[in-house]
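Student: The structure that follows is given in the form of structure tokens.
FYI, it's all coordinate maths here, none of it is from the lab. Because the structure is a prediction, the values reported are computed rather than measured. FYI the Cβ positions are ideal-geometry reconstructions off the backbone, even for glycines, and counts take in every protein chain you see.
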Amino acid sequence: MKHPFLLIFLLFVYCNIFGDVNNTPNENSYKFSLNLNEVENDQLMVSLITPQIQEKVITYYIPKIIPGTYSISDFGRFIKKFKAFDKNGKQLKVKRLDDNSWQIKKANKIHKVTYWVDDTFDADMGDNQIYPMSGTNIEDKKNIVINTHGFFGYFGGMKSLPYEVSITHPENFYGSTGLIPSKVEKDKDIYWVEDYMRLADAPMMYNEPDTTIIKVAGAEVLVSVYSPTDKIESAYLAEGIRELLMAQKEYLGGELPVDKYAFIMYFVEPFNAAPVQGALEHSYSSFYYLPEYPQTLVMPFIRDIAAHEFFHIVSPLNIHSEEIHYFDYNDPKLSKHLWLYEGNTEYFASNVQVKYGLVTPEEYFDVLRGKIINSKNSYDDNLPFTEMSKYCADKYADQYQNVYEKGPLINMSLDLLLLNLSEGKYGMQNLIADLSKKYGKDKPFKDDELFDEIVEMTYPEVKDFFARYVEGPESLPLEKSFAYAGVSYKPFSSYDDYSFGNVTLSFNPDTKRLLVDDTAEMNELGVELGYEKGDEIIKMNGEEVPTDATIREFIQDFKAGLEEGKEFTITVLRPNEEGETEETLLKGTAFKVERTALHEIKFMDAPTARQMKVRNAWLKAFVTPMDAPAYQHTAEEVATIEGITTALYDVISGPAGQRNWSRLKALCKPNAQFNALVPTPEGEKNYQTLSLEEYIGKADPFFMESGFYEVETGRVVEEFNGIAQVFSSFETRTEVEGEPFTKGINSIQLVYDQDRWWVVNILWGTATPENGIPNKYLKSGK
């Protein structure tokens, strides 16, 4: 959607629905203003009408370090021409104490502060680099990235006062943020927040809008994109993550702890990109700095990283220590629980995808395998994780990235331990839900007490786990952990695989093809084929090699079709003697070589009943929400089309009272749609569409008051290769033996995935006297 006026209208409506956003700061508050029309040399002036100050001397701070990066950034380096004034405009004496602080004399007379902010995206930062995801960008009339900690600061001891931020912008600009503005004008947005922590947690991006909104469990999720050459569109990315967000909503119990969330995505042309790229989480948003490759290529990466960032709405928003709650941006004391804030979030980000069928178990195992390899090869596996967390900003800065490798493995091991002890009934999802209820946004835990709290909430064995593997130096017991779920883990194993000639392959970002990067180590097959450095592989055995995310599957299929001793072909693009590129056919004889597999993960052949309980709870989504009574399908219910169709009718039928919504959710994919085409009193047809959650919300009040029995009267099934279309005729009654008050047809779309059938879509229409149900769709034929 590229329509700023509609967005402004929606925000206006939204702000009037949620009364709390209409609050305005009291007199003793910060009042910042920023005019994006007045850019000078990639700099903007910040103006502050100060709160009342009693002290004669006070210090103004810009953050040295922020949560999420946990690295020393010194954002004050980019502040120029800092000035302070009294009410008469007289300049007060200011002394710069260090990169991030300014001492102001006669502060009890202060009225106004001004300073200029230089951006970080194109700055020469020397050795002290700033992650671009936390940086700032000032491109006049193009794009302004306001990571608020880089623009706005606080006076010592006064972070808890309210803030008002007024941003004047070009009329064709739209401000993307997780904040809900208290006032919107055609060229100005005004935001009110309760304190500095909330402001610093809310990045903004202003530019010509390319935005799409997704509704998830009542929350508005904004996807905003800045793509300088228009290669990437918000609508495409939003559609690509929609199914993931629906799965995450179910993973969290069907509800979200926020009313609005923003994915703010800044793309930069690859040759201008900083070497470090990625995203930075916030409680109500996440900011992305990524290379502007074709959107089909960046989509898989965005989906994975978005899964991680979105889960931060739980931790640290609802689960955090006093060190986070009262974070000191200039003299920070860090928490020892990065295994929770980052590790759990990264673990959930991949586990949700396998639980809801977005990836296969084998693909999930590959993700875990990669994290095991990275954690053991790149970091100190014997460094206590709590120790690393406490000192990750300085002493162990080179170990910080292990929060994304070993951190999720800690959570996986703990999850499997809990599931084993509870026989599949209680795992990390349950623990995180319970911790959220116990603490929440406004109640931090004490850093040194969390482990004891978790042990008290779960099992005594968990104390030993924390002592040995999180607080202690021991390596995770991966073999034992995986075995709980009937999964085999081997640090080393060997296997035979077809050789490709032992050349070094890379990727050409312009053509999106595999590129032969080096032939120095190629074997006899490589010599036989005749590879040359710079060859671009376009075909294998005459089939075109895909240039999108399906290339891995293509190569696996290609290898599966090879036979030892038989000829195969590789077609490459190669310059000829005239310098023109032409197709060259390479021929070779297939043979296998022995390879070593590191950290092999695969299912055991004969797991026990207990292991299957743990495995199913770990890898499959039988129950949502987490606090609902457990419901697990029988094999018959979802193994056949007849079984799932019968279960679908059964779950909504019955006397007045609540239906088993957990059972309905478990029949459906998380993004299942419920659609109706019904006649209006005027004789017209009205089309309505609802998400699974919206359908439950609308149907539940009716079922609580009225009996409802829907009976199938006929079924016609069309099936092909794992997809099925069911035309199911029905009659509805308020009593079992009552007269039907409605007749119609349910058009049910099913998919066979994870060894079972799922409902992905239901579209129903009602019959009328003029347009009855055709005989071919009725059991009796009439």
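Student: Please say if the stretch 164-302 is rounded, prolate or oblate, where rounded means a/c under 1.5 for a ≥ b ≥ c the square roots of the C-alpha gyration tensor eigenvalues, and otherwise the choice is prolate for a/b larger than b/c and oblate otherwise? Write down the numbers at each step before the final one.
Tutor: Numbers: a/c = 1.66, a/b = 1.10, b/c = 1.51.
Judged from the Cα gyration tensor, the stretch 164-302 comes out oblate (a/c at least 1.5, b/c at or above a/b).
Student: Stick to Cα atoms and the Kirkwood definition of Rh, then tell me Rg/Rh for the stretch 427-555.
Tutor: Numbers: Rg = 25.2 Å, Rh = 20.3 Å.
Rg/Rh: 1.24.
Student: Please compute the net charge surrounding K249, taking Lys and Arg as +1 and Asp and Glu as -1 over other residues with Cβ under 10 Å from its Cβ.
Tutor: Details: positive: none; negative: E250, E255, E693.
Once all neighbours under 10 Å are counted, the net charge is -3.
Student: Right, next: Pairs K159/K395; K31/K159; K31/K142: which are spaced more than 23 Å apart, C-alpha to C-alpha?
Tutor: Numbers: K159/K395 28 Å; K31/K159 13 Å; K31/K142 26 Å.
Among K159/K395; K31/K159; K31/K142, the Cα-Cα distance tops 23 Å for K159/K395; K31/K142.
Student: Given the -39500 (n - 2.57) contribution per DSSP H run of 4+ residues, what per-residue ellipticity at 222 nm results for the chain, rounded to the nearest 500 deg cm²/dmol? Numbers along the way, then the final one.
Tutor: Numbers: 20 runs with 203 residues, N = 782.
Mean residue ellipticity, 222 nm, calculated: -7500 deg cm²/dmol.
Student: Could you please report the charge total around I551, scoring K, R as +1 and D, E as -1 over all other residues with beta-carbon less than 14 angstrom from its beta-carbon? Display every interim value, and only then the final one.
Tutor: Numbers: positive: K512, R513, K539, R552, K559; negative: E536, E543, E544, D548, E553, D557.
Once all neighbours under 14 Å are counted, the net charge is -1.
Student: So how far, in whole Å, is the C-alpha centre of the stretch 507-551 from the one of the stretch 46-76?
Tutor: Taking the Cα centre of the stretch 46-76 as reference, the centre of the stretch 507-551 is 53 Å away.
Student: Also, I was wondering about something else. For the stretch 102-246, build the charge dipole from Cβ charges (+1 Lys, Arg; -1 Asp, Glu) around the Cα centre, then report which of A107, T212, Y226 sits farthest towards its positive end.
Tutor: A107
Student: I've got another one for you. Normalised by the residues of the chain, what does the relative contact order come to in percent, with Cα pairs under 8 Å and at least six apart? Let's see the in-between values first.
Tutor: Numbers: 1587 pairs, mean separation 64.2, N = 782.
Relative contact order comes out at 8 percent.
Student: Now, a different point. Residue by residue, what Karplus-based ³J(HN,Hα) values in Hz, rounded to whole numbers, does the stretch 143-157 have, using 6.51, -1.76 and 1.60 with θ = phi - 60° and x for Gly and Pro?
Tutor: Once rounded to whole Hz, the list reads 7, 10, 9, 10, 6, 4, 5, x, 10, 10, x, 7, 8, x, x.
Student: Taking H placed 1.01 Å from N in the peptide plane, check which residues at least 5 places from H599 or on another chain put their amide H under 5 Å from its amide H.
Tutor: F492, S493
Student: Efficiency by 1/(1 + (r/R0)^6): what FRET value for D448 and E55, r their Cβ-Cβ distance, R0 = 41 Å, to the nearest 0.05?
Tutor: With R0 = 41 Å, the Cβ-Cβ based efficiency is 0.75.
Student: In whole Hz and in residue order, list the ³J(HN,Hα) couplings for the stretch 251-264 that follow from phi through the Karplus curve 6.51 cos²θ - 1.76 cosθ + 1.60, θ = phi - 60°; x for Gly and Pro.
Tutor: 4, 8, x, x, 10, 10, x, 10, 9, 9, 9, 10, 8, 9
Student: Arranged from highest to lowest average of other beta-carbon atoms within 10 Å per residue, in what order do the peptides 479-490, 652-663 appear? Intermediate values should be presented prior to the final figure.
Tutor: Numbers: 479-490: 18.9, 652-663: 15.7.
Most protected by this proxy first, the peptides run 479-490, 652-663.
Student: Amide H of L586 versus every other amide H placed in the peptide plane: which residues, excluding those fewer than 5 positions away on the same chain, fall under 5 Å?
Tutor: Excluding prolines and chain starts, which carry no amide H, the hits are I570, T571, V572.
Student: While we're here: Net charge near E712, counting Lys/Arg +1 and Asp/Glu -1 over other residues with Cβ under 11 Å of its Cβ? Provide the component values of the computation, followed by the final result.
Tutor: Details: positive: R715, K779; negative: E642, D650, E710, E731.
Local charge sum for E712: -2.
Student: Expressed as a rounded percentage, what relative contact order does the stretch 648-782 have, with Cα pairs under 8 Å and six or more residues apart?
Tutor: Details: 266 pairs, mean separation 32.3, N = 135.
Computed value for the stretch 648-782: 24 percent relative contact order.
Student: Between E362 and A273, what is the label-point separation in nm under the 7 Å Cα-to-beta-carbon projection?
Tutor: Here the answer is 2.9 nm between the modelled labels.
Student: Please list 3J(HN,Hα) in residue order for the stretch 215-232, calculated via the Karplus relation 6.51 cos²θ - 1.76 cosθ + 1.60 where θ = phi - 60°; whole Hz, with x for glycine and proline.
Tutor: 8, 10, 6, x, 8, 8, 10, 8, 10, 10, 10, 10, 10, x, 10, 6, 6, 10
Student: Can you give the charge dipole size of the chain about its Cα centre, rounded to the nearest 20 debye, using +1 on the beta carbon of Lys and Arg and -1 on the beta carbon of Asp and Glu?
Tutor: Values: 78 positive and 119 negative charges, 556 e Å.
Using only the charged Cβ atoms, the result is roughly 2660 debye.
Student: Here's something else I'd like to know. Report the relative contact order of the stretch 260-302, percent, no decimals, based on alpha-carbon pairs under 8 angstrom and at least 6 residues apart.
Tutor: Relative contact order of the stretch 260-302: 44 percent.
Student: Amide H to amide H, which residues 5 or more places from M604 or on other chains are under 5 Å from it, using H placed in the peptide plane?
Tutor: Amide H to amide H, under 5 Å and 5 or more residues apart or across chains, M604 pairs with V487, S488.
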